[in-house]
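Visitor: Here it is, the structure, as structure tokens.
The values are calculated or read from the model by the stated rules, or taken from the named source; none is laboratory data. Please read all numbers here as calculations on a predicted model, not as lab measurements. All Cβ positions, glycine included, derive from the backbone under ideal geometry; neighbour counts span all protein chains shown. SASA here: full protein model, heavy atoms, side chains in, ligands and nucleic acids out. Shrake-Rupley method; radii C 1.70, N 1.55, O 1.52, S 1.80 Å.
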Amino acid sequence: MKEVITMFAKTTHGAPTVDTRDKRRYAMRNGLKTMAMFAIVLIGFLAVVFAYLAYPGTPSKSKFVTFEGYIELPKGGLLNILDYLTLNGSTLFVTSESSGALFKVDLDLNHPSISSVSEMPGAGAAHGVALLPDANIAFITRSEENMVDVFDPRSLQQLQSIPVADDADAILYVPSAKLVYVANGDPRLATLIDPEKRVTVGTIPLPGKPEFVAQDPQTGLLYQNLEDINSIAAIDLGKRSIAGQWSLAPCEGPSGMAIDSEQRRLFAVCSGNAKLVVFDLDSHRVITSLKIGGGPDSVAFDQTLHTIYSAGKAGRLTVIQQDGPDTYRVLDKIHTHYGAHTLAVDPVSHKVFVGYPSLLAHPRIAVFSPAP
């Protein structure tokens, strides 16, 4: 009997009991249920994100601007990323960084959604557009191809390609100097083009990586944002040299820029810390800064309404009121669409145009007008 008991103990020692096995099965079932629920939640979240990126909804309501609708643009692939918006009268030029295309929108300001759109395809990421007011000629930068293409803005026929330095981005025609100025980011220089001969005629070394550029109508100086050193430089095109350089602190990563020439103020948005800084063009110092929507990339100033607009990659259209040269207040941060970082303002109708990227769906331009 003792031997039997000993053998029974040996066979049961170390083996899981029925109760233990049940607990393990229960724990496994709970674990599988938890994983399944997590997977369902994750899939649902990704579906919501995908739907949001693919099909942008209506912007959030605002007391200060009214959403008028979308202008739909042609689709160039699965992902469509827009860059610069350049307004010339009732014509809006929109570049595509993802496909290299240039869209020309003949605006119907009364019914923006039925505005006609034409397209000029192109190779390499398209960025800035420079228009010559007295000639039927325009220029577009292509950073991947290291080219500036010359085209007819009416027919969108490409006429010529001009080789330039790497990373061609912002571009500006300067009538007083009769030159086209091109900001080349990575090489830290500016390329100068003779628009009549359509050749490069010189370069200007820059102390930092250039982003947006704007001209002061009063002095004729160009102001160039330097993204990597949080500064701004004044450029004298006549002498082809740097006339001055100043800090934009507390700005981190200055990108878009606009100038109020009457009140001698420059507005720079800061992609690194979501600020707008106000810079005095005469005393060369920052007057004030304001917190705006995340990832700001572009800014525009309505001189008549004294309103500043900024668009950022976080999907916010920030509206700022200028009460005086040194007094500013944020009126609203309107939810637009993730990646909607570029805009333009019509000085006549005061409408605001914001470029939307897209996933699968067509890219588009959201149109806003100031509320009465």
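Visitor: Just add up the charged neighbours of residue 338: K/R +1, D/E -1, any other residue whose Cβ is under 12 Å from the Cβ of residue 338.
Guide: +2
Visitor: Also, quick follow-up: Over the chain, with a Gaussian network built from C-alpha contacts below 10 Å, which listed residue (192, 222, 78) shows the highest mean-square fluctuation?
Guide: 78
Visitor: What's the carbon and sulfur percent of the chain's accessible surface, probe 1.4 angstrom, rounded to a whole number?
Guide: 56 percent
Visitor: Based solely on its DSSP helices, what 222 nm [θ] is calculated for the chain when runs of n ≥ 4 H residues each add -39,500 (n - 2.57) and the sum is averaged over all residues, nearest 500 deg cm²/dmol?
Guide: -4500 deg cm²/dmol
Visitor: Estimate the FRET efficiency between residue 371 and residue 262 by the formula 1/(1 + (r/R0)^6), using the beta-carbon distance for r and 25 Å for R0, to the nearest 0.05.
Guide: 0.55
Visitor: A further question follows. Report, in degrees rounded to the nearest 10, the 0 to 90 angle that the Cα long axis of helix 2-12 makes with the longest principal axis of the chain.
Guide: 10 degrees
Visitor: What FRET efficiency, computed as 1/(1 + (r/R0)^6) with R0 = 22 Å and r the Cβ-Cβ distance, is obtained for residue 240 and residue 135, rounded to the nearest 0.05?
Guide: 0.45
Visitor: Now for a different question. Over the chain, average the accessible area per residue using a 1.4 Å probe and give it in Å², no decimals.
Guide: Heavy-atom SASA per residue in the chain reads 47 Å².
Visitor: Okay, next question. Working out 0.36 nm times the residue gap between residue 28 and residue 218, then minus their Cα-Cα distance, what length gain in nm do you get to one decimal?
Guide: Result: 60.8 nm gained on full extension.
Visitor: Taking the highest mean first, how do the peptides 266-279, 316-329 order by number of other beta carbon atoms within 10 angstrom per residue?
Guide: 266-279, 316-329
Visitor: What does the extension gain come out to for residue 249 and residue 118, with contour length at 0.36 nm per residue minus their alpha carbon separation?
Guide: So the chain would gain 43.0 nm between residue 249 and residue 118.
Visitor: Would you mind working out the magnitude of the charge dipole of the chain relative to its Cα centre, with +1 at each Lys and Arg C-beta and -1 at each Asp and Glu C-beta, to the nearest 20 Debye?
Guide: With only Lys, Arg, Asp and Glu charged at Cβ, the dipole is about 2020 debye.
Visitor: Quick check: the distance between the Cα centres of region 64-92 and region 317-372, to the nearest angstrom?
Guide: 11 Å
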